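One structure is given below, encoded as structure tokens.
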Amino acid sequence: MSEPTSNLRLEEIIKQVKGQSFPPVDKWNPDFCGDIDMRIAVDGTWFYMGTPIGREKMVKLFASVLRKDDDGKTYLVTPVEKIGITVEDAPFVVTKMNMVDSHKGRHLHFITNVGDEVIVGAEHPLWVVDNAEKTEPRPYVRVRGRLDALISRSVFYELAEYAVAKILNGNEAFFVESAGQFYRLGDLE
């Protein structure tokens, strides 16, 4: 099991998370210019016209202007244009996790494949979608706006090390705590 980090680390992480800045895509209302052949695969790989985008800086630039609208579609948005793209699952993938214990409690810190950082809590909730076959859970965290990240399998296994069995609101399951709240990871079965 990973060792939780110190209180000092929590303050540093909070500063990093709050220090992130993104273009104000939620305030821009440009004309829709159509869809392009750009796709984000389930594993977080970005493709343009069927070819993976290999330049990490280019992917991060595109990711910084992503927005998911009320219509459920995901767009690249600038002040002058809005272009539709395809997202197979979630636009981001959580690739790293830190569990931080401090006098303020336990906090989950996630980092995505494009470098976005979140601390799981009211603003960035964590949830798990169980499929009908009960084979593999699909864990997610809200990153920004309506954009979510799928939690990678390796990170989910690491996260499960911190799960505790409890009954919460009549639901007997495994939960993990972050920022004073409990998030269901899976049933006790």
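The values are calculated or read from the model by the stated rules, or taken from the named source; none is laboratory data. Bear in mind that the values here come from a model prediction, so they are computed numbers and not experimental data. Every residue, glycine among them, receives a Cβ derived from its backbone with ideal geometry; neighbour counts consider all protein chains shown. Accessible surface areas use protein heavy atoms only, side chains included; no ligands, DNA or RNA. Shrake-Rupley method; radii C 1.70, N 1.55, O 1.52, S 1.80 Å.
Going by the structure shown, is G54 surrounded by fewer than 15 Cβ atoms within 10 Å (Cβ to Cβ) and either in contact with a Ser or Thr (Cβ under 6 Å, 6 or more places away or on another chain) or within 23 Å of G34 (Cα to Cα) (or both)?
The answer is no for G54.
Okay, residues lined up against (1) free of Cβ contacts under 8 Å to residues at least 60 places away in the same chain; (2) of a type in the set (A, V, I, L, M, F, W, C); (3) surrounded by 15 or more Cβ atoms within 10 Å (Cβ to Cβ); (4) touching a Lys or Arg at 6+ places or on another chain (Cβ under 7 Å):
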residue	(1), (2), (3), (4)
K104	no, no, no, no
V118	no, yes, yes, no
L126	yes, yes, yes, no
Y140	yes, no, yes, no
V143	yes, yes, yes, no
A149	yes, yes, yes, no
D187	yes, no, no, no
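Looking only at region 5-26, count how many residues are modelled with pLDDT of 85 or more and over 18 Å from L61 (Cα atoms).
Count: 0.
Using the structure shown, decide if V94 is closer than 16 Å to R144 by Cα and touching a helix residue (DSSP H, G or I) at 6+ places or on another chain (Cβ under 9 Å).
Against the criterion (closer than 16 Å to R144 by Cα and touching a helix residue (DSSP H, G or I) at 6+ places or on another chain (Cβ under 9 Å)), V94 qualifies.
Mind checking whether some residue in region 68-89 is under 24 Å from R9 (Cα atoms) and not in a loop (DSSP other than H, G, I, E, B)?
no
Output the residues belonging to region 111-131 that are assigned to a strand (DSSP E or B), of a type in the set (A, V, I, L, M, F, W, C) and within 21 Å of L61 (Cβ to Cβ).
Within region 111-131, I111, V118 qualify.
Please work out which residue is farthest from the chain's Cα centre (by Cα), limiting yourself to region 151-176 and to residues that are over 22 Å from V114 (Cβ atoms) and surrounded by 14 or more Cβ atoms within 10 Å (Cβ to Cβ).
Among those that are over 22 Å from V114 (Cβ atoms) and surrounded by 14 or more Cβ atoms within 10 Å (Cβ to Cβ), it is K166.
If you go through region 90-110, how many residues are outside any strand (DSSP E or B) and acidic (D, E)?
0
Any chance you could count how many residues in region 12-26 are part of a loop (DSSP other than H, G, I, E, B) and over 19 Å from G84 (Cβ atoms)?
Going through region 12-26 one residue at a time, the tally reaches 4.
Quick test of your reading of the structure: T74 fulfils all but one of (1) at pLDDT 95 or above; (2) open to solvent by 50 Å² or more (accessible area, probe 1.4 Å); (3) within 24 Å of V118 (Cα to Cα). Name the failing condition by number.
(2)
When you go through (1) in contact with a Leu (Cβ under 9 Å, 6 or more places away or on another chain); (2) at pLDDT below 95 one by one for V120, which number turns out not to apply?
(2)
Counting just the residues of region 25-51 that are of a type in the set (D, E, K, R) and in contact (Cβ under 8 Å) with a residue 40 or more places away in the chain, which one comes out least open to solvent (accessible area, probe 1.4 Å)?
R39
Can you name every residue in region 30-56 that is of a type in the set (A, V, I, L, M) and in a strand (DSSP E or B)?
I36, M38, I40
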